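Worksheet: the structure to be examined is printed underneath.
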Amino acid sequence: MAIGPRLGWRRKRTDQGGWALLPLRLMVGFGFAAHGYAKLARGPASFAAILVSLGIPAPAFTAWATSLLEFAGGILLMAGAFVVPLSAPLAAIMATAMFGVHLRYGFSSIRLKALSAAGAEFGPVGYEINLLYLAAIATLAVGGTSPLSVDRRLASRKRRVNEEAPASAEARSEEV
């Protein structure tokens, strides 16, 4: 007996509520927040030096903007707040990293250079992780709101207000 058909009802129930997006949203948000925090902890000036070597305009401003956007944007993603509007700037950061840094190293995110008594030594990271982040951001943007999110709470509140408004207008017109 195949397992797939027996678990089909659970998959359908999970997909209907958007629960499948929750772990994705949490992991992508945490990844952005962690990278933003690392840039802020080291000081945006050290990230600005990297941006200068890439030829990015206004490196000091861009370093601060990128660091804060990754950190705050990651936290907001984890909370499920403003997921769609955040998707474009976060995707732009990923695309810039992919084309400006990682593309020249090929696809693989793991490049073993050497194995010594101290452990494995890895080379530069390819663009595999950038593509995963871009796919995840796109999935979150088109997937709609997910459970335990600010966006879903705001949408349900707006829907409730819109449903109550016509009812209260009808009540007032009956009173007249």
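The values are calculated or read from the model by the stated rules, or taken from the named source; none is laboratory data. Predicted, not measured: the structure shown is a model, and the values here were computed from it. Positions of Cβ are generated from backbone atoms using ideal geometry, with glycine treated the same way; all protein chains shown enter the neighbour counts.
Taking the criterion of being among the aliphatic types (A, V, I, L, M) and exposed (fewer than 12 other Cβ atoms within 10 Å of the Cβ), the residues of the range 102-134 that qualify are Ile110, Leu112, Ala114, Leu115, Ala117, Ala118, Ala120.
Of the residues screened, Leu76 is one that is touching a helix residue (DSSP H, G or I) at 6+ places or on another chain (Cβ under 7 Å) and within 25 Å of Arg153 (Cβ to Cβ). Check whether at least one residue in the range 37-46 is touching a residue at least 12 places away in the same chain (Cβ under 8 Å), closer than 20 Å to Ile129 by Cα and surrounded by fewer than 19 Cβ atoms within 10 Å (Cβ to Cβ), and report yes or no. Yes, that holds for at least one residue.
The set of residues in the range 78-95 that are small (Gly, Ala, Ser) and in contact (Cβ under 8 Å) with a residue 24 or more places away in the chain comprises Ala79, Gly80, Ala81, Ser87, Ala91, Ala95.
Got at least one residue in the range 133-142 being outside any helix (DSSP H, G or I), over 30 Å from Ala45 (Cβ atoms) and either of a type in the set (Gly, Ala, Ser) or in contact with a strand residue (DSSP E or B) (Cβ under 7 Å, 6 or more places away or on another chain) (or both)? Give the steps one after another, and end with the answer.
Just the residues of the range 133-142 that are outside any helix (DSSP H, G or I), to begin with: none.
No, the range 133-142 has no match at all.
Within the range 71-84, can one find any residue that is in contact with a Lys or Arg (Cβ under 7 Å, 6 or more places away or on another chain), outside any helix (DSSP H, G or I) and either under 24 Å from Thr145 (Cα atoms) or among the aliphatic types (A, V, I, L, M) (or both)? Taking every residue of the range 71-84 in turn, at least one turns out to be in contact with a Lys or Arg (Cβ under 7 Å, 6 or more places away or on another chain), outside any helix (DSSP H, G or I) and either under 24 Å from Thr145 (Cα atoms) or among the aliphatic types (A, V, I, L, M) (or both).
Can you confirm whether Arg6 is at pLDDT below 95, loosely packed, with under 14 Cβ neighbours inside 10 Å and either within 18 Å of Ser149 (Cα to Cα) or not small (Gly, Ala, Ser) (or both)? Steps first, please.
Numbers: at pLDDT below 95: yes; loosely packed, with under 14 Cβ neighbours inside 10 Å: yes; either within 18 Å of Ser149 (Cα to Cα) or not small (Gly, Ala, Ser) (or both): yes.
Criteria met by Arg6.
Figure legend. Inter-residue proximity from the range 113-136: first residues at negative phi, second residues of a type in the set (Asp, Glu) and assigned to a loop (DSSP other than H, G, I, E, B), beta-carbon distance below 9 Å, spacing 6+ or different chains. No pairs are indicated.
Output the residue which, of all residues in the range 51-77 that are in contact (Cβ under 8 Å) with a residue 24 or more places away in the chain and β-branched (Val, Ile, Thr), is nearest to Leu24 (Cα to Cα).
Ile75
Put simply, of Ala45, Ala60 the only residue that is of a type in the set (Gly, Ala, Ser), in a helix (DSSP H, G or I), touching a Leu at 6+ places or on another chain (Cβ under 9 Å) and more than 30 Å from Pro147 (Cβ to Cβ) is Ala60.
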